[in-house]
Amino acid sequence: MKKTVIKINPEKCTGCGQCAATCHQGAIQMINGKAVLMNEHHCDGLGRCIGKCPADAISFIEKEVEAPKQEKAVAPKTACCIENTAQDRPQFPLQLHLINPQNPQFKNADLLLAADCTAFMLPNFQSLKEGKRLVIACPKLDSSQEIYVEKLRQLIDEAQIRSLTAVIMEVPCCTGLLRLVNAALEKTTREIPLYKVVVGVDGEMKETSEN
């Protein structure tokens, strides 16, 4: 069947992630720093993502798309027989106070440090989390935040995370999370890419930038 879907030009894509955050269907994901249309069937062809692309890397095309296959129902496996890879296993704990930086799941990972409210405000938070390890914190309500600085330092220097993306709300108290990150970076011996994502109180992504 013919369908109107988007086309992403990888040469123009700057990896800002605004299109993935805007796609309510979750059809776009960030892979290796580039936006990728992962599922043509999920793309509604309305083009909300086009208006969010500052690099003009997205356009419409009409193409033949195979009808989605109907999957047969399969009886669930018993708990003893279910096998999950390390990538598939749910991550717990998430709170920065509770995580252990020596946990192997953080080794050489891309880290998403999110203010608590952002996961509930940003519709496509899961797309932002794709391929990253998640930790959460509240710079206003959490206590003993000097522990956060040391844990972030350990994640950067000892777990050797590859990048850090900080997601904050567009409110004054949330800038405290960036101050904690910068305080940790001053103590580290490694340099890593630091990205900032700002979520508005209306649930829209207001800013993405590399610090």
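The values are calculated or read from the model by the stated rules, or taken from the named source; none is laboratory data. Please read these numbers as outputs of a predicted model, since none were measured by experiment. No Cβ is skipped: glycine too gets one built from the backbone with ideal geometry, and neighbour counts run over all protein chains shown. All accessible areas refer to the heavy atoms of the entire protein, side chains included, with ligands and DNA or RNA removed. Shrake-Rupley method; radii C 1.70, N 1.55, O 1.52, S 1.80 Å.
Given the criterion at pLDDT 90 or above, open to solvent by less than 80 Å² (accessible area, probe 1.4 Å) and within 14 Å of the chain's Cα centre (by Cα), identify the matching residue among Leu96, Leu112. Steps first, answer last, please.
Working: Leu96 fails: within 14 Å of the chain's Cα centre (by Cα).
Only one candidate qualifies: Leu112.
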Q. Restricting the search to the range 177-209, which residues are over 17 Å from the mean Cα position of the chain (by Cα), surrounded by fewer than 18 Cβ atoms within 10 Å (Cβ to Cβ) and either of a type in the set (S, T, N, Q) or farther than 30 Å from Gly51 by Cα (or both)?
A. Arg179, Asn182, Ala183, Glu186, Lys187, Thr188, Thr189, Arg190, Glu191
Q: Kindly list, by first and then second residue, each pair from a residue in the range 7-23 that is at positive phi to a residue that is part of a loop (DSSP other than H, G, I, E, B) and surrounded by fewer than 17 Cβ atoms within 10 Å (Cβ to Cβ), limited to pairs with Cβ atoms under 9 Å and residues at least 6 apart or on different chains.
A: Gly15/Asn32; Gly15/Gly33
Q.
Return the residues of the range 16-52 that are open to solvent by less than 30 Å² (accessible area, probe 1.4 Å) and either part of a loop (DSSP other than H, G, I, E, B) or out of contact with any Lys or Arg (no Cβ under 8 Å at 6 or more places or on another chain) (or both); say none if nothing qualifies.
A. Gly17, Ala20, Cys23, Gly26, Ala27, Ile28, Ala35, Cys43, Gly45, Gly47, Cys49
Q | Qualifying positions in the range 43-93 - modelled with pLDDT under 75, more than 22 Å from the chain's Cα centre (by Cα) and of a type in the set (Gly, Ala, Ser) | A | Gly45, Ala67, Ala73, Ala75, Ala79
Q: Determine which single condition Gln126 fails, assuming it passes every other condition in (1) at pLDDT 95 or above; (2) assigned to a helix (DSSP H, G or I).
A: (1)
Q: Being among the hydrophobic types (A, V, I, L, M, F, W, C) and either surrounded by fewer than 19 Cβ atoms within 10 Å (Cβ to Cβ) or assigned to a helix (DSSP H, G or I) (or both) is the filter here, so list the residues in the range 149-176 that pass it.
A: Val149, Leu152, Leu155, Ile156, Val171, Cys173, Cys174
